[in-house]
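Only one structure is covered here, and it is reproduced in the block below.
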Amino acid sequence: MAQTRDNTKQAQVIDENLKRVYQDMLDQKVPDRFLDLLSQLKEQEQKPEQGGSSR
Amino acid sequence: MNADPRDEIVEHLPALRAFALSLTRNSALADDMVQDSLVKAWTKIHTFEPGTNMRAWLFTILRNTYYSNRRKAGREISDSEGVMTESLSEKPAHDGRLQLADFRRAFAKLNDEQREALILVGASGFSYEEAANMCGVAVGTIKSRTNRARARLAELMHLSENEALEMTDSATMAVVSGNKVSAAG
């Protein structure tokens with residue numbers, strides 16, 4: 001059916017634009033706060049719970 | 001020594017943030033949600049099944065965070081900041097008939113569920129099954145959400161079937177895909 005084919009083309013056009021918009025967001029630099037957060041989480045875990053400072 | 005699956009999280013940060021931006025359409029809110037999701041993912045890593053799709057797992061955490069915030073707020077969060085609609089139109093428009101800025105504006109007008117379905121299936125490349133799993137709904141629901149979302153976008157952009165056909169001419173396709181128009185031969 002022509003109608004179906006048109007709708008498919010339309011969906012293609014929309015998805016192509018969608019991917020461009022999404023790619024623009026993917027290309028944004030990840031804020032440092034997230035990298036900092038991940039390393040903090042990791043650090044906290046590697047440090048066993050201590051009653052007090054060992055120094 | 002087993003690798004900590006959490007070391008893989010960092011690779012998904014750009015995608016997680018893009019997903020958050022498309023859901024919230026507000027970069028401050030998106031970043032807060034990414035932050036919350038990272039902490040949750042870190043502490044709930046035991047709920048991640050090794051060998052499964054970590055990106056899907058992270059997206060699921062993020063969307064759950066978003067919808068639980070939305071429930072608390074009692075409404076959809078509006079595109080107050082206009083993050084989706086702020087234009088990248090500094091880029092030359094070529095002769096692309098579908099202006100990206102217009103597309104962003106239209107996309108931001110979809111409801112949360114429709115935006116989500118389109119981003120998961122149309123942009124991120126998840127299958128309908130994966131998207132359905134992540135959203136906790138039936139596959140048919142995801143299909144109908146994406147179809148309705150595309151129809152609504154077409155309507156918002158006054159995109160008739162004929163125009164859609166015109167836009168797939170080779171020049172426009174080249175603009176869309178970022179390739180040069182190749183001369184025959």
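List of remarks:
- Cβ-Cβ distance of B:SER144 and A:GLU43, R₀ of 30 Å, FRET efficiency by 1/(1 + (r/R0)^6): the value works out to about 0.05.
- Shape class of segment B:5-44 from the Cα gyration tensor (axes a ≥ b ≥ c, square roots of the eigenvalues): oblate, since a/c reaches 1.5 or more and a/b does not exceed b/c.
- Computed 3J(HN,Hα) for segment B:118-132, one whole-Hz value per residue from the Karplus formula 6.51 cos²θ - 1.76 cosθ + 1.60 where θ = phi - 60°, is 5, 5, 5, 8, x, 10, 8, x, 6, 6, 4, 5, 4, 4, 4, glycine and proline marked x.
- Convex hull projection area averaged over all views, segment A:2-42, Cα basis, nm²: 4.0 nm²
- Tail beyond 22 Å, pair distance distribution of segment B:8-84 (Cα, percent): 22 percent
- Using θ = phi - 60° in the Karplus curve 6.51 cos²θ - 1.76 cosθ + 1.60, the 3J(HN,Hα) couplings for segment A:11-18 round to 4, 4, 4, 5, 5, 5, 5, 4 Hz; x is entered for Gly and Pro.
- Counted charge near B:LEU120, where neighbours are those whose Cβ lies closer than 13 Å (Asp, Glu -1; Lys, Arg +1): 0
- Protection proxy ranking for A:24-36, B:129-141, B:19-31, using the average of other Cβ atoms within 10 Å per residue and placing the highest first: B:19-31, B:129-141, A:24-36.
- Eligible lysines near B:LYS109 by straight Cα distance, threshold 27 Å, same-chain separation 8 or greater: A:LYS9, A:LYS19, A:LYS29, B:LYS72, B:LYS91, B:LYS143
Only the coordinates and a few stated rules stand behind these numbers; no lab work does. Bear in mind that the values here come from a model prediction, so they are computed numbers and not experimental data. Please note: Cβ atoms are built from the backbone with ideal geometry, for glycine as well, and neighbour counts cover all protein chains shown.
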